[in-house]
Amino acid sequence: MIFESHAHYDDEAFDPDRDELLNSLQDYGIEAVVNVCASIESLDNTVQLMEQYPFIYGAIGVHPDEVGGMNEQVMEKIRRLCRHPKAVAIGEIGLDYHWDKENHDTQKKWFCAQMEIARQEKMPFIIHSRDAAEDTLSVMKELRAGDMYGGIVHCFSYSVEIAREYLNMGLYLGIGGVLTFSNGKKLKEVAAYAPLEQLVLETDSPYLSPVPNRGKRNSSLNLPYIAKELANLKGVPYDQVVDVTNANARKLFGLLHNG
Ligand code: NI
């Protein structure tokens, strides 16, 4: 079964049918989901989802677009919530110079501060990095992120050269719907280059729906399209992609297989 390493089911896009959708996932072969915090409000919402659904785990952290509201109190809250038994990572954290909602120094400050929580709590991290390849890499090197407890560079959008740097640090790349886009050539190259043992599947739902559902609300039900495309690119059977990426996610998040 498929392991969904990155979704935002607390997003209001799921308000009309969240419970029905989540309860259907396992029937469609989605075994487990990591709900990833983005905003400060999503900290509590993610805990609620982890507590309500046995197959949902959580990543605790604040997205670079949202760090304007960060302070010591929020940091304390992240420290406390990441000790929840179903919290499996710190994230999503990083740098976003595409939307550029917060200035770069503010983004770097809270990125580094949250990385320190991951180090102290001995947890993996989930990195968001958009149009900020150079700065993200230099922060990661400065913090010796490769010597920490592992992590994912989610929705990987950079070149093979940058991918190589992260793979050499022992990190995983998150592969999502962009892989199926006709303009997703760069990601196809990265996915073909990276060892399957360092890839995880993700949707980033409700965003980035793969072809043939591009433009619509995304959900984990679309993961087979991504897995199929990855299997084609790598020339390996679909089931191998599903099994290996599932094992990768479980190893990183410290979740023993239950079936
Ligand atoms: Ni995300």
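The values are calculated or read from the model by the stated rules, or taken from the named source; none is laboratory data. Just so it is clear, the structure is predicted and the values come from calculations on it, not from any experiment. Don't worry about glycine lacking a Cβ; one is built from the backbone with ideal geometry, like all the others, and counts go over all protein chains shown. Keep in mind that these areas ignore ligands, DNA and RNA; they rest on the heavy atoms of the full protein, side chains included. Shrake-Rupley method; radii C 1.70, N 1.55, O 1.52, S 1.80 Å.
Check segment 35-48 and report whether any residue there is outside any loop (DSSP other than H, G, I, E, B), farther than 19 Å from GLU12 by Cα and open to solvent by 20 Å² or more (accessible area, probe 1.4 Å).
No: zero hits.
The set of residues in segment 50-59 that are within 15 Å of the ligand (Cβ to nearest atom) and open to solvent by 10 Å² or more (accessible area, probe 1.4 Å) contains only TYR57. Annotation note: Cβ proximity below 8 Å between a residue of segment 101-116 that is of a type in the set (S, T, N, Q) and a residue that is surrounded by fewer than 16 Cβ atoms within 10 Å (Cβ to Cβ) (sequence gap 6+ or interchain) occurs for THR106/GLY68. Any idea which residue in segment 220-230 is farthest from LEU25 (Cα to Cα), counting only those that are out of contact with any Pro (no Cβ under 6 Å at 6 or more places or on another chain) and open to solvent by 10 Å² or more (accessible area, probe 1.4 Å)? In this case the residue turns out to be GLU229. When you look at SER209, is it of a type in the set (Gly, Ala, Ser), over 20 Å from GLY150 (Cα atoms) and in contact with a Ser or Thr (Cβ under 9 Å, 6 or more places away or on another chain), yes or no? When the stated conditions are applied, SER209 passes them. Quick test for you: out of VAL88, VAL67, VAL62, pick the one residue that is part of a helix (DSSP H, G or I), modelled with pLDDT of 95 or more and buried (at least 16 other Cβ atoms within 10 Å of the Cβ). Matching residue, one of VAL88, VAL67, VAL62: VAL67.
Going through (1) among the aromatic types (Phe, Trp, Tyr); (2) out of contact with any His (no Cβ under 8 Å at 6 or more places or on another chain); (3) within 26 Å of VAL190 (Cβ to Cβ) one by one, TRP110 falls short only on (3).
Are any residues in segment 141-172 within 16 Å of the ligand (Cβ to nearest atom) and in contact (Cβ under 8 Å) with a residue 60 or more places away in the chain, and if so, which ones? Once the filter is applied, which keeps residues that are within 16 Å of the ligand (Cβ to nearest atom) and in contact (Cβ under 8 Å) with a residue 60 or more places away in the chain, segment 141-172 yields GLY151, ILE152, HIS154, CYS155, TYR172. Applying the criterion of being in a loop (DSSP other than H, G, I, E, B) and among the hydrophobic types (A, V, I, L, M, F, W, C) to the residues of segment 92-129, the residue that is most open to solvent (accessible area, probe 1.4 Å) is TRP99. Could you list, in sequence order, the residues of segment 1-49 that are among the hydroxyl-bearing types (Ser, Thr, Tyr) and within 16 Å of the ligand (Cβ to nearest atom)? Listed by number, the residues that qualify are SER5, TYR9, SER39, SER42, THR46.
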